[in-house]
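Trainee: Got a structure for you, written out below as structure tokens; questions coming shortly.
The values are calculated or read from the model by the stated rules, or taken from the named source; none is laboratory data. Worth saying up front: this structure is predicted, and the values here are computed from it rather than measured. For neighbour counting, all protein chains shown are included, and Cβ atoms are generated from backbone atoms with ideal geometry for every residue, glycine included.
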Amino acid sequence: MRILLLNFLLIASFTSNGQSQIALTPKQIELLDGIATQDVPKNAPGIATAIIQDGKVIYEKYAGFADLKDSTLIKKSTRFNIASNGKQFTALAILTLVDKKKLKLSDDIRKWFPKLYPNVKEKITIQNLLNHSSGIRDCYDLWSLQGYTWWEKSFNNNDVLNLIEKQTDLNFKPDTKYLYSNTNYILLALLVEKVTKKTFVEYTIEMFHQLNMPNTSFESDYTKITGQIARAYFNFDTWTTYNWIWNVVGDGNIFSTLEDQIQWEKLVQGKGNSAFGIKIIAQSQKLIEGSKFSNYGYGLEFGKYKDLSYRFHEGATGAWKATAIRFHQNNISIVTLTNTGKSIPYNQTRQMADVIFDLKSEDTYLVTKPTRIGKYISEDEIQGTYLTESDFAFTFEKIDNKIFLKRVGRNDVELKREADNIFHQKFDPAFKQEFTENSKGEMQVTAYYVNHSPYSLTKVNRIEDSYDFKTINGDYVNSETNTTLNINYLDGMNYEITFQNNHKTKGLLVSTNKMLVDFYSLEIQNGELFLNGERMKKVKYVRK
């Protein structure tokens with residue numbers, strides 16, 4: 001009888017697709033509960049999270065308040081803003097139109113939006129929008145450049161279109177690079193409206209009803225959001241909420257419940273009931289066929305967590321944050337929704353994966369220190385500024401015979417020599433810097449730490465003593481955004497930069513053709529300036 005019972009349990013422990021069904025132990029459930037509630041103190045906003053395998057919920061947890069004013073608790077029917085996690089549903093809407101042969105991924109978007117980029121000769125395809133290879137600048141970065149705090153406004157999709165119609169240049173030629181841009185998915189939402197003759201909200205509500213997700217919807221009118229909403233709260237000594245007045249949709253601004261998100265994960269796993277096409281859902285979980293970019297598909301990122309391949313996406317809008325990760329080989333999904341600024345679902349969701357897969361600590365899977373010692377590099381040789389391709393900077397400076405690392409927005413840290421070409425932070429020896437030469441003979445530094453992969457920065461050329469630092473002083477204007485900036489030399493390599501609305505900040509000249517300004521960089525070419533941000537590049541400023 002014992003053998004028969006054991007055989008029955010072994011058979012029952014496998015799902016229909018051959019994957020082992022995880023049966024959580026009491027210890028695992030205790031650990032998962034601790035992860036879910038680690039940032040949910042008493043009388044605080046909270047979290048909704050679940051783990052789904054092969055169409056079955058194997059863990060589900062709700063904690064904290066949806067609304068502190070009336071003490072409403074978070075439950076299955078509580079609606080959260082899941083922000084950029086909505087991109088997968090915008091992409092799904094596009095796939096339905098492809099399936100109906102109303103458009104093709106190879107179509108140029110200017111077929112529907114002829115005013116966009118008249119000077120750009122290359123095609124800007126629907127596929128380029130889907131996988132962020134269009135080169136179109138991010139509207140939020142552009143608004144920030146104009147001096148707007150976007151969440152204090154009530155912009156809508158037409159405002160985005162008007163903003164983008166004024167842009168004459170792209171970040172790069174379409175289909176040559178990947179750069180995440182929310183504008184891509186806002187344009188996709190506008191495209192759905194052009195093709196269907198319905199509003200994007202109307203069309204996707206029909207889609208969500210077919211998916212059996214009745215409490216999920218994009219919200220293009222903040223005054224009409226219904227249901228029990230998990231109000232968003234930050235904590236500045238006390239819990240503080242704010243009014244949501246945003247109307248842009250497609251890139252995010254989608255409200256959903258954990259119950260509906262569980263339903264979606266079941267459908268993604270090939271289970272669950274809906275009137276929606278199974279083939280389209282399956283296609284939405286793959287990379288775009290023929291795409292040269294393997295990290296992004298239909299509103300989903302692709303990568304590895306430790307040694308496991310997975311699909312995932314993050315969403316963040318103020319204190320609302322959401323994470324969904326899918327380990328397709330195990331047919332397991334983990335979803336976390338929060339309404340608290342204290343919680344970090346990116347970390348929590350992956351901590352849950354550690355528990356259910358019994359994964360080791362992060363440093364086990366990363367290269368956290370140099371593999372060998374190189375030739376001796378003197379402290380004088382390493383002085384200067386080093387940049388990544390995205391202009392993230394390290395500056396090394398020798399002061400009173402001590403070497404310091406300087407970074408924008410961080411405190412200066414003293415370094416200690418560990419070996420001939422290796423240094424580490426004095427009070428955090430795990431943070432190491434390895435100095436070598438790259439294939440071009442340029443000095444580079446590679447940074448190592450226990451919680452990230454190594455990354456390298458290349459030293460920029462030293463500015464000659466004869467350089468006239470005042471030559472770039474003056475007022476500059478960009479016609480695409482109707483913004484201005486003023487450059488005024490101070491001393492050394494330091495400048496004062498005045499942006500729109502008289503916002504003043506400091507600039508550091510790191511080479512004769514590059515200046516770092518807060519989290520921007522300015523390229524200086526033939527008397528013109530090209531401003532680069534995280535998701536906008538080559539914004540051209542000409543001298544007045």
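Trainee: Confirm whether Asn212 is touching a residue at least 12 places away in the same chain (Cβ under 8 Å) and more than 21 Å from the chain's Cα centre (by Cα). Spell out the reasoning first.
Mentor: Numbers: touching a residue at least 12 places away in the same chain (Cβ under 8 Å): yes; more than 21 Å from the chain's Cα centre (by Cα): yes.
Here the answer is yes, as Asn212 does meet what is asked.
Trainee: I would also like to ask the following. In region 50-74, which residue that is more than 27 Å from the chain's Cα centre (by Cα) and of a type in the set (Lys, Arg) is nearest to Tyr233 (Cα to Cα)?
Mentor: Lys69
Trainee: Specify the residue that is surrounded by the fewest Cβ atoms within 10 Å (Cβ to Cβ); the eligible residues are those in region 529-544 that are in contact (Cβ under 8 Å) with a residue 40 or more places away in the chain and assigned to a strand (DSSP E or B).
Mentor: Filtering region 529-544 for residues in contact (Cβ under 8 Å) with a residue 40 or more places away in the chain gives 529, 531-544.
Still in the running and assigned to a strand (DSSP E or B): 529, 531-532, 539-543.
On the way: Leu529: 20, Leu531: 23, Asn532: 19, Val539: 23, Lys540: 17, Tyr541: 21, Val542: 11, Arg543: 13.
Selected residue: Val542.
Trainee: Quick test for you: out of Val450, Val445, pick the one residue that is under 18 Å from Gln383 (Cβ atoms), within 28 Å of the chain's Cα centre (by Cα) and among the β-branched types (Val, Ile, Thr).
Mentor: Details: Val450 fails: under 18 Å from Gln383 (Cβ atoms).
Of Val450, Val445, the one residue that is under 18 Å from Gln383 (Cβ atoms), within 28 Å of the chain's Cα centre (by Cα) and among the β-branched types (Val, Ile, Thr) is Val445.
Trainee: Does Val201 meet the test of being within 21 Å of Phe255 (Cβ to Cβ) and touching a strand residue (DSSP E or B) at 6+ places or on another chain (Cβ under 6 Å)? Talk me through it step by step, then tell me what you get.
Mentor: Working: within 21 Å of Phe255 (Cβ to Cβ): yes; touching a strand residue (DSSP E or B) at 6+ places or on another chain (Cβ under 6 Å): yes.
Yes, satisfied.
Trainee: Spot the failing condition for Asn411; the list is (1) in contact with a helix residue (DSSP H, G or I) (Cβ under 7 Å, 6 or more places away or on another chain); (2) closer than 20 Å to Leu516 by Cα, and only one is missed.
Mentor: Of everything listed in (1) in contact with a helix residue (DSSP H, G or I) (Cβ under 7 Å, 6 or more places away or on another chain); (2) closer than 20 Å to Leu516 by Cα, Asn411 misses just condition (1).
Trainee: Ok, one more. Are there strands (runs of 3 or more DSSP E) fully within region 13-71 with at least 2 residues that are modelled with pLDDT under 95, among the polar types (S, T, N, Q) and on the phi > 0 side of the Ramachandran plot? List them.
Mentor: Numbers: elements: 47-53, 56-63, 65-67.
Those strands (runs of 3 or more DSSP E) do not exist here; none qualify.
Trainee: Are there any pairs, at least 6 apart or on different chains, whose C-beta atoms fall under 6 Å, with the first in region 48-70 and basic (Lys, Arg) and the second crowded, with 22+ Cβ neighbours inside 10 Å, and if so, which?
Mentor: What qualifies is Lys61/Ala36; Lys61/Thr49.
Trainee: Right, Asp175: charged (D, E, K, R) and surrounded by fewer than 15 Cβ atoms within 10 Å (Cβ to Cβ) or not? Break it down stepwise before answering.
Mentor: Values: charged (D, E, K, R): yes; surrounded by fewer than 15 Cβ atoms within 10 Å (Cβ to Cβ): no.
Spelling it out, it is not the case that Asp175 is charged (D, E, K, R) and surrounded by fewer than 15 Cβ atoms within 10 Å (Cβ to Cβ).
Trainee: Right, Glu265: closer than 14 Å to Gln88 by Cα, surrounded by 15 or more Cβ atoms within 10 Å (Cβ to Cβ) and more than 19 Å from the chain's Cα centre (by Cα) or not? Step through it out loud before you land on a result.
Mentor: On the way: closer than 14 Å to Gln88 by Cα: yes; surrounded by 15 or more Cβ atoms within 10 Å (Cβ to Cβ): yes; more than 19 Å from the chain's Cα centre (by Cα): yes.
It is true that Glu265 is closer than 14 Å to Gln88 by Cα, surrounded by 15 or more Cβ atoms within 10 Å (Cβ to Cβ) and more than 19 Å from the chain's Cα centre (by Cα).
Trainee: For region 30-49, give me each residue that is within 18 Å of Asp354 (Cα to Cα), within 25 Å of the chain's Cα centre (by Cα) and of a type in the set (Gly, Ala, Ser).
Mentor: Ala36
Trainee: Could you say whether any residue in region 230-246 is loosely packed, with under 14 Cβ neighbours inside 10 Å and among the basic types (Lys, Arg)?
Mentor: Step one: filter region 230-246 for residues loosely packed, with under 14 Cβ neighbours inside 10 Å, giving 236-238, 240, 242-243, 245.
Checking the rest, the ones that are also among the basic types (Lys, Arg) come to none.
There is no residue in region 230-246 that is loosely packed, with under 14 Cβ neighbours inside 10 Å and among the basic types (Lys, Arg).
Trainee: For region 48-80, how many residues are crowded, with 23+ Cβ neighbours inside 10 Å, hydroxyl-bearing (Ser, Thr, Tyr) and under 24 Å from Glu301 (Cβ atoms)?
Mentor: Summing the residues that are crowded, with 23+ Cβ neighbours inside 10 Å, hydroxyl-bearing (Ser, Thr, Tyr) and under 24 Å from Glu301 (Cβ atoms) in region 48-80 gives 1.
Matching residues to (1) in contact with a helix residue (DSSP H, G or I) (Cβ under 8 Å, 6 or more places away or on another chain); (2) touching a residue at least 24 places away in the same chain (Cβ under 8 Å); (3) surrounded by fewer than 20 Cβ atoms within 10 Å (Cβ to Cβ):
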site	(1), (2), (3)
Gly34	no, no, yes
Gly46	no, yes, no
Ile82	yes, yes, no
Lys87	yes, yes, no
Leu103	yes, yes, yes
Ile109	yes, yes, no
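Trainee: Gly341: closer than 30 Å to Thr238 by Cβ and buried (at least 19 other Cβ atoms within 10 Å of the Cβ), yes or no?
Mentor: Yes; evaluated as a whole, the condition is true for this residue.
Trainee: Answer yes if at least one residue in region 123-135 is assigned to a helix (DSSP H, G or I), surrounded by fewer than 22 Cβ atoms within 10 Å (Cβ to Cβ) and in contact with a helix residue (DSSP H, G or I) (Cβ under 8 Å, 6 or more places away or on another chain), and no otherwise. So that I can check it myself, show each step before the final result.
Mentor: The initial filter retains those residues of region 123-135 that are assigned to a helix (DSSP H, G or I), namely 126-130.
Imposing the further condition that a residue be surrounded by fewer than 22 Cβ atoms within 10 Å (Cβ to Cβ) reduces the set to none.
No, that holds for no residue.
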